[in-house]
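See structure below.
The values are calculated or read from the model by the stated rules, or taken from the named source; none is laboratory data. This is a predicted model, so every value here is computed, not measured. Cβ placement follows ideal geometry from the backbone for every residue including glycine, while neighbour counts extend to all protein chains displayed.
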Amino acid sequence: MMTEARKVWTIAATLSFTLTLAACGGDDGGSPPPPPSPAQIIVSGTVQAPAGQVALFTKPSLRERIGALVFPEAVAALSGVSPVLDGTPVQLVRIDDAGNVAAALASTAVSAGRYSFNLTSLGLNPSSNLLVHVVNSVTRAQMRAFVTGPTVDLDPISETAVRLVLERIVLTSGTTLTGFTVTELRDITGAVNQLAVVKRLSAGLNIESTVSAIKTEVASESVLTGFIVAAAGPGETTEGPGDIGNYFPLTQGNTWQFQGTHSETGRPPIQYSNTVTVNGTKSVGSVTTTILTENNPLNSRAAEELYYLKDSRGIWNYGNNDSSNTLSPNLIPYRELLFPLNVGVTSEVVNKKGVNFGQDLDSDGKNETADVLSQVTVETFEDVTVPKGTFSNAAKVVHKTTITVFSSAGLRPITVVGTQTVWFAPDLGPVKRTMVLQADEQATESVTEELVNATIAN
């Protein structure tokens, strides 16, 4: 599904150290740069409520009433919600296992539809019982969200996630909030958000009716509810919420046909086609993987097999059948994508240093070594149009792989970066992907593939 790591390796392997790399220079005698300042932990996000209740959070000004007529509501996973009005109070609180506020730690007000807290200045870090909190001034209905990272939105989805966790504590003897890890709480919220996207849920008349409707949908997802139960147990669960919306359908026989454009520096663009097929299984060690065949991936002009494992936590990469790719065997297996598809979250899927590159590029009789960093980010859910049609709520996933190859002869290292963006549609899979390759910060190659036809088993 994502082949940029192999492509990056190919580019790196074809760059000759003896022709493109200069010998290492000496020390310039300058002073080392000062150490970087400690990073500030700032949590911020939007605050959105069912549109009919927005004005109940605080009294709107004349300017805000006019603005509400002029400016459209923000895009959200849940339709029918709007930003609460500026001036709405937001609290940073700790809660107990019953959901009661145990301590109010800080307060702020919504500005331009957003709030922000500097956790570093408050001496705080994300934790299982740290929440942001907003209360309806008339009905006293509340919306809460677990503070699990730098971006934490407050809306009926986040409130649903909080209630699901608190209800699980009541149902599971001996379970406490601190029994849930920050990652588990982030993933529960992300899974509920993804479910709202896939089901195209809309807000009800108020917070309570909206949360109730979302919880009903959650109850119908057995893998997701099982994940919440598992998360209540000790330690970090190995379970996950599954492929909500079936963004990665790996049923045998599924086929995707793409049309592509391949551009290289100094050469005219080339049009090509590529067909991807789910085509059997293969044992890799003790694991049975699913085979994806591509007859011309990214216009490589060479067919390949890719080996994947899909489980409740995501997609595992188990390599390919390219015998010339001597780097990948030193990296696999690794989790190429994590479930749920948490918007805005960047996951480090590979970070290995000093890996045997498998080739002697500088002709000194020794294989080079490489540092490999691969990160994946779910940027958003959006509509995407390709020759096959327009697909709503496609997950835009950006996969960035950086390979720095070090010469055993002491020549200057070279860095190759591949950035691949893939749009996955629910119940269909990949509908578009782009690739940009850079060698030493210079763009060398770009590829775009768009879906023209697909055969997907029900």
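Check whether at least one residue in segment 383-399 is modelled with pLDDT of 95 or more, within 27 Å of ASN296 (Cβ to Cβ) and outside any strand (DSSP E or B), and report yes or no.
Yes, segment 383-399 contains at least one residue that is modelled with pLDDT of 95 or more, within 27 Å of ASN296 (Cβ to Cβ) and outside any strand (DSSP E or B).
Can you tell me which condition GLN359 does not meet? The list is (1) in contact (Cβ under 8 Å) with a residue 40 or more places away in the chain; (2) more than 26 Å from ILE244 (Cβ to Cβ); (3) part of a strand (DSSP E or B), and all the others hold.
(3)
Looking only at segment 191-226, count every residue that is part of a helix (DSSP H, G or I), more than 30 Å from SER137 (Cβ to Cβ) and of a type in the set (Ser, Thr, Tyr) and tell me the total.
2
With respect to THR377, determine if the residue is modelled with pLDDT of 95 or more, buried (at least 16 other Cβ atoms within 10 Å of the Cβ) and not charged (D, E, K, R).
So THR377 passes the test.
Considering each residue of segment 144-180, count those that are surrounded by fewer than 21 Cβ atoms within 10 Å (Cβ to Cβ), of a type in the set (A, V, I, L, M) and closer than 24 Å to GLN40 by Cα, and give that number.
Result for segment 144-180: 0.
Conditions first: (1) more than 24 Å from the chain's Cα centre (by Cα); (2) closer than 24 Å to THR377 by Cβ; (3) part of a loop (DSSP other than H, G, I, E, B). TYR247 passes all but one, so which condition is the exception?
(1)
Given (1) at pLDDT 90 or above; (2) in contact with an Asp or Glu (Cβ under 7 Å, 6 or more places away or on another chain), where does GLN359 come up short, assuming only one miss?
(1)
Taking only segment 296-319 into account, find how many residues are modelled with pLDDT under 95 and assigned to a loop (DSSP other than H, G, I, E, B).
5
If I ask for residues that are surrounded by fewer than 18 Cβ atoms within 10 Å (Cβ to Cβ) and not small (Gly, Ala, Ser), which ones from segment 381-397 would you list?
GLU382, ASP383, THR385, PRO387, THR390
Of the conditions (1) over 19 Å from GLY149 (Cα atoms); (2) touching a residue at least 24 places away in the same chain (Cβ under 8 Å); (3) part of a strand (DSSP E or B); (4) among the hydroxyl-bearing types (Ser, Thr, Tyr), THR380 satisfies every one except a single condition; which number is it?
For THR380, the exception is condition (1).
Could you tell me whether THR261 is among the β-branched types (Val, Ile, Thr) and out of contact with any helix residue (DSSP H, G or I) (no Cβ under 9 Å at 6 or more places or on another chain)?
The answer is no for THR261.
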